[in-house]
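The next block holds one structure in the form of structure tokens; read it before the comments.
What follows is calculated from the coordinates using simple rules that are stated; it is not laboratory data. Because the structure is predicted, anything quoted here is derived from the model rather than measured. Glycine also receives a Cβ, built like all others from the backbone with ideal geometry; neighbour counts cover every protein chain displayed.
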């Protein structure tokens, strides 16, 4: 059996191929296509999080990077775990696009999972529940999150009042983490 490269297979199938010298053009096109997103992201208060149902929002004088670290430290101090982290800022930099700091930090604890699962398998799609750290135009940061009781509310009717009790416990944990993270 003869092994042929991807480009050769694509030519055989009549698919257009991109010559290596065209890659910088594609990269430039991608970067240019992201510029409107970058401009939108840097415009303050286009879509503020404050005032949204179920959201808590705390403005802080802390710089973005310090807030990210403070949230992680406060999470551990409150006996919860950082389960996920994601944000486009670093990926955009690799493409040559500058975006303000933007990080989603997923927080949960297996002790809550083993209590939620017998009540509602469907509710576990919401775990981990997330904090959202954003960099403001002046270099400060904002910490936002949907309250666990708001996130889990759609499942309470089927799962019963025990899920609402767990959500209230999680609300207290998230409030404590936020208070510690935003403290001066």
| task | In whole Å, largest first, what are the principal axis extents of the Cα atoms in region 49-182? | result | 47, 30, 28
| query | Using the 10 angstrom Cβ neighbour count as an exposure proxy, how do 125, 166 rank, fewest first? | reply | 125, 166
| Förster radius 45 Å - calculated FRET efficiency between residue 175 and residue 95 (Cβ-Cβ, nearest 0.05) | 0.75
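Roughly speaking, what is the stretch gain from residue 157 to residue 65, that is 0.36 nm per residue apart minus the C-alpha to C-alpha distance, in nm to one decimal?
Roughly 29.2 nm would be gained on extension.
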| Rough spin-label spacing in nm, given labels placed 7 Å along Cα→Cβ, for residue 85 and residue 140 | 2.4
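Would you mind ranking 90, 162, 126 so that the residue whose beta carbon has the fewest other beta carbons within 10 Å leads the list?
Working: 90 11, 162 14, 126 18.
Ascending number of Cβ neighbours within 10 Å: 90, 162, 126.
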| query | Over region 49-182, what relative contact order in percent results from Cα pairs under 8 Å that are six or more residues apart? | reply | 32
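Using Cβ counts within 10 Å as a stand-in for footprinting exposure, how do 115, 103 rank, fewest first? If you can, show how the numbers build up before the last one.
Values: 115 15, 103 23.
The order, fewest Cβ neighbours first, is 115, 103.
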| request: Could you calculate the FRET efficiency of residue 57 with residue 115 from 1/(1 + (r/R0)^6), where r is the beta carbon distance between them and R0 is 35 Å, rounded to 0.05? | output: 0.80
